[in-house]
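The values are calculated or read from the model by the stated rules, or taken from the named source; none is laboratory data. Please read all numbers here as calculations on a predicted model, not as lab measurements. Cβ atoms come from the backbone with ideal geometry, glycine included; neighbour counts cover every protein chain shown. The protein model used for the area step is the full one, side chains on, heavy atoms only, and it has no ligands, DNA or RNA in it. Shrake-Rupley method; radii C 1.70, N 1.55, O 1.52, S 1.80 Å.
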Amino acid sequence: MINQLLQLESEAREAFTRATSEAQLEQVRVTFLGRNGRLRELQQRLKEVPPEDRPAVGKEFNRIKQALEKLLKERQEALAAPREVVRRLDVTMPGRAPRIGKQHPLSSTMEELIEIFLGLGFTVAEGPEVETYYYGFEALNYPPDHPAMDEQMTFYIGDDILLRSQTSTVQIRVMEKTRPPVRIIVPGRCYRRDTVDATHCHTFHQLEGLLVDEGITFADLKGTLQCFGKELFGEECRTRFRPDFFPFTEPSAEFAFSCFFCQGAGCRVCSNSGWLEIGGCGMVDPNVLENVGYDSEKYTGWAFGFGVERIAMLRHGIDDIRLFYSGDMRFLEQF
Ligand SMILES: [Zn+2]
């Protein structure tokens, strides 16, 4: 009798395990554990067992019955689980769209600017944001007492190491390594000890241009910036130059574009002047050329630079520079 019970247990275990659907499992259940199933059949034959053996056989019977019922339950749960998931999946629900990132307005402005100058034949040069005093000021012809070198104006990391306050440092690095013609633009991040307000920030971006070759004149500079202005603000854009001073250019000028908003008539954007001041420019000082080993009698060149934030603010009508760095999604989502 015990052997029959064990035989039944092993057959039932195999059948339960093999069932691959709830319907199959139910059939197996009926066969083994049903009201007229095989276990019941054996139960009815328990009375045939001699009385002295009954306790042992009865105990074994109960063990097997409980084990098989437990196995059945486990198999039922295992086979039911996938359907549970299917039932929860409602294909008529609207999809969960992931948030798609966008380009930061500064990055997209920078890219547009680079694109314009690539079209004019410039190539992009980059350099370190942490610079030495030599590249930051000395090689750029700054006199030793120039206020830009003051601790109040520049972030110093050590006596000789500082965060670049302009991208002009890269001009020197490129000229040291290459011979004319040099035709580069330098986009990049710069740092100054400015008090943060609506138009100033300690961290900002510049785009600088440098052209050095034989026979380069101020007329080439004017033509290039005029072309840039038209690409940026439209065909009607006019360019204005006014004298200015920078240690590394001579003569130097500040350049402005006619206000694209009012076409020069005067409006809130241009503070009623009709002009938008953009940046600085000038002929590269012969001292700078000599510093990098260029023959300043043979080669001439010009450079210009401007703030990328200012262009982005003008183009998008943004009135506070701090918005660029705030990480405020309400602001960033508008672009
Ligand atoms: Zn205007």
From the phi of every residue in the stretch 116-124, what ³J(HN,Hα) in whole Hz does the Karplus formula 6.51 cos²θ - 1.76 cosθ + 1.60 yield, where θ is phi - 60° and glycine or proline is x?
4, 6, 4, x, 8, x, 7, 10, 8
Using only helices, what value at 222 nm comes out for the chain when you add -39,500 (n - 2.57) per DSSP H run of length 4 or more and divide by the total residues, to the nearest 500 deg cm²/dmol?
-12500 deg cm²/dmol
The ratio Rg/Rh over the Cα atoms of the stretch 262-335, Rh being the Kirkwood inverse mean 1/r radius, stands at 1.20
Could you check how many percent of all C-alpha pairs in the chain are farther apart than 34 Å?
50 percent
Cysteines not pairable in the chain (beta carbon separation under 4.7 Å absent):
Cys190, Cys201, Cys227, Cys237, Cys281
Can you work out the Karplus-derived ³J(HN,Hα) for every residue in the stretch 242-252? Use 6.51 cos²θ - 1.76 cosθ + 1.60 with θ = phi - 60°, whole Hz, and x for glycine or proline.
10, x, 8, 9, 9, x, 9, 10, 7, x, 10
Using Cα positions and a limit of under 12 Å, work out the aspartates and glutamates in reach of Lys73, with same-chain residues fewer than 8 apart set aside.
Glu22, Glu26
Give the Rg (one decimal place) followed by the Dmax (whole number) of the stretch 1-121, computed from C-alpha coordinates and expressed in Å.
32.2, 108
Using only Cα atoms and rounding to the nearest 10 degrees, what angle (0 to 90) does helix 22-33 make with the longest principal axis of the chain?
30 degrees
Mind listing the Cα extents of the stretch 92-142 along all three principal axes, in Å, largest one first?
69, 29, 13
Restricting to Cα pairs under 8 Å and 6 or more apart, the percent relative contact order of the stretch 221-271 works out to 27 percent
Thr31-Glu60 FRET efficiency (beta carbon distance; Förster radius 22 Å; 0.05 resolution)
0.60
Quick one: net charge of Phe241's neighbours, Cβ under 15 Å, K/R +1, D/E -1?
-1
For the stretch 306-317, take each phi angle, set θ = phi - 60°, evaluate the Karplus expression 6.51 cos²θ - 1.76 cosθ + 1.60, and give the result in whole Hz per residue in order, putting x for glycine and proline.
7, x, 6, 4, 4, 5, 4, 5, 5, 5, 9, x
Would you kindly state how much longer the chain becomes between Thr132 and Ile2 on full extension, computed as 0.36 nm times their sequence separation minus their alpha carbon distance, in nm to one decimal?
37.5 nm
Considering only protein heavy atoms and a probe of 1.4 Å, how much of the accessible area of the chain is carbon and sulfur, as a whole percent?
51 percent
Evaluate the Kirkwood expression for the hydrodynamic radius of the stretch 155-297, namely the inverse of the mean inverse distance over all pairs of different C-alpha atoms, and round to one decimal in Å.
17.0 Å
How would you rank 311-319, 231-239, highest first, on the average number of other Cβ atoms within 10 Å across their residues?
311-319, 231-239
Ranked from highest to lowest mean number of other Cβ atoms within 10 Å per residue, what is the order of the peptides 49-56, 179-186?
179-186, 49-56
Using the Kirkwood formula on the Cα atoms of the stretch 22-83, what hydrodynamic radius do you get, in angstrom to one decimal?
12.9 Å
Any chance you could get the radius of gyration and Dmax over the Cα atoms of the stretch 128-214, in Å?
13.6, 43
Once the Cα atoms of helix 218-233 and of the chain are each reduced to a long axis, what angle between those two axes, in degrees from 0 to 90 to the nearest 10, is obtained?
40 degrees
Tell me which residues come under 5 Å, amide H to amide H, from Gly282 once H is placed; ignore anything under 5 positions away on its chain.
Ala253, Ala303
Per 10 Å bin, what is the whole-percent P(r) computed from every C-alpha pair distance within the stretch 8-52?
28, 43, 20, 8, 1
Rh (Kirkwood; distinct C-alpha pairs) - the stretch 220-310, Å:
14.1 Å
Using the crude model of +1 on Lys and Arg Cβ and -1 on Asp and Glu Cβ, and no other charge, please compute the dipole size for the chain relative to its Cα centre, in debye to 20.
3080 debye
Sum of side-chain charges, Ala312 neighbourhood, beta-carbon under 15 Å (Lys, Arg +1; Asp, Glu -1):
-1
Given a 1.4 angstrom probe, what's the average accessible area per residue across the chain, in square angstrom?
57 Å²
